[in-house]
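*Asks:* I am attaching a structure below and will ask some questions about it afterwards.
The values are calculated or read from the model by the stated rules, or taken from the named source; none is laboratory data. All values derive from a computational prediction rather than experimental measurement. Virtual Cβ from ideal backbone geometry, glycine too; neighbours counted across all protein chains shown.
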């Protein structure tokens with residue numbers, strides 16, 4: 001399958017998840033992530049704000065911020081067609097719901113930070129494979145965002161087991177994941 005076919009197939013499958021299934025699988029993913037040691041000794045993680053049928057990140061964010069670590073969120077700069085890292089210190093006052101229904105930082109309320117401050121990145125995706133390849137929504141925002149981050153920083157894809165693909169077609173601009181976490185466990189990709 002090409003990336004567009006993978007996107008269509010996975011989106012159809014994700015819509016079949018009930019809220020209970022989504023919450024249960026997301027909690028299992030959080031448990032694997034916390035138990036993996038990947039978050040240990042990290043001072044700042046970049047984490048997406050989940051919406052719709054994505055792996056829910058709110059509990060991961062709660063756990064991480066209780067450790068007094070910094071939460072960096074990719075802010076969508078629509079004018080320049082890119083994601084930029086911003087520090088979110090108070091989710092109640094610094095986040096809003098966009099016109100498209102997903103949570104996003106209020107840019108005037110947050111501080112833009114340098115990519116060098118990021119210790120680990122939690123990455124959403126529609127599909128991943130064992131080689132660390134990823135299918136996103138097709139705009140290239142995340143690949144561009146990740147390209148600015150030091151190659152020593154680990155990229156961790158979060159997805160449900162059914163989002164796993166045998167092989168995803170690679171493109172020159174694609175950035176590979178180091179780990180993939182699903183409700184069934186954590187997978188070290190062939191990249192690492």
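*Asks:* Of all residues in segment 157-175, which are out of contact with any helix residue (DSSP H, G or I) (no Cβ under 9 Å at 6 or more places or on another chain) and in a loop (DSSP other than H, G, I, E, B)?
*Replies:* Matches in segment 157-175: 166, 167, 170, 172.
*Asks:* Residue 170 fails exactly one of the following numbered conditions: (1) within 23 Å of residue 71 (Cα to Cα); (2) surrounded by fewer than 21 Cβ atoms within 10 Å (Cβ to Cβ). What is the number of that condition?
*Replies:* Answer for residue 170: the failing condition is (1).
*Asks:* Further, regarding this structure: Looking at 130, 117, can you tell me which residue is surrounded by fewer than 18 Cβ atoms within 10 Å (Cβ to Cβ), touching a residue at least 24 places away in the same chain (Cβ under 8 Å) and within 16 Å of residue 39 (Cα to Cα)?
*Replies:* 117
*Asks:* If I ask for residues that are closer than 23 Å to residue 147 by Cβ and surrounded by fewer than 18 Cβ atoms within 10 Å (Cβ to Cβ), which ones from segment 1-43 would you list?
*Replies:* Residues satisfying the conditions are 2, 4, 7, 42, 43.
*Asks:* Filter segment 99-110 for residues that are out of contact with any helix residue (DSSP H, G or I) (no Cβ under 7 Å at 6 or more places or on another chain) and either in contact (Cβ under 8 Å) with a residue 12 or more places away in the chain or not in a loop (DSSP other than H, G, I, E, B) (or both) and give the result.
*Replies:* 101, 102, 103, 104, 107, 108
*Asks:* Filter segment 49-66 for residues that are within 24 Å of residue 185 (Cβ to Cβ) and surrounded by 14 or more Cβ atoms within 10 Å (Cβ to Cβ) and give the result.
*Replies:* 50, 53, 54, 55, 56, 57, 58, 59, 60, 61, 63, 64, listed by residue number.
*Asks:* Which count do you get for residues in segment 111-132 that are over 12 Å from residue 49 (Cβ atoms) and part of a loop (DSSP other than H, G, I, E, B)? If you could, list the steps in order and put the result at the bottom.
*Replies:* From segment 111-132, those over 12 Å from residue 49 (Cβ atoms) are 111-121, 123, 125-132; that's our starting set.
Then keep just the ones that are part of a loop (DSSP other than H, G, I, E, B); that gives 113-114, 118-119, 125-126, 129-132.
Looking only at that region, the number is 10.
*Asks:* Scan the helices (runs of 4 or more DSSP H) fully inside segment 1-77 and keep the ones with 1 or more residues being more than 22 Å from residue 102 (Cβ to Cβ) and at pLDDT 95 or above. It would help to see each step written out before you state the result.
*Replies:* Working: elements: 3-14, 19-36, 58-66.
Because the criterion is at least 1 residues that are more than 22 Å from residue 102 (Cβ to Cβ) and at pLDDT 95 or above, the helices (runs of 4 or more DSSP H) in segment 1-77 that meet it are 19-36.
*Asks:* Next question, about the same structure. Residue 92 - would you say it is free of Cβ contacts under 8 Å to residues at least 12 places away in the same chain, closer than 30 Å to residue 166 by Cβ and not in a loop (DSSP other than H, G, I, E, B)?
*Replies:* no
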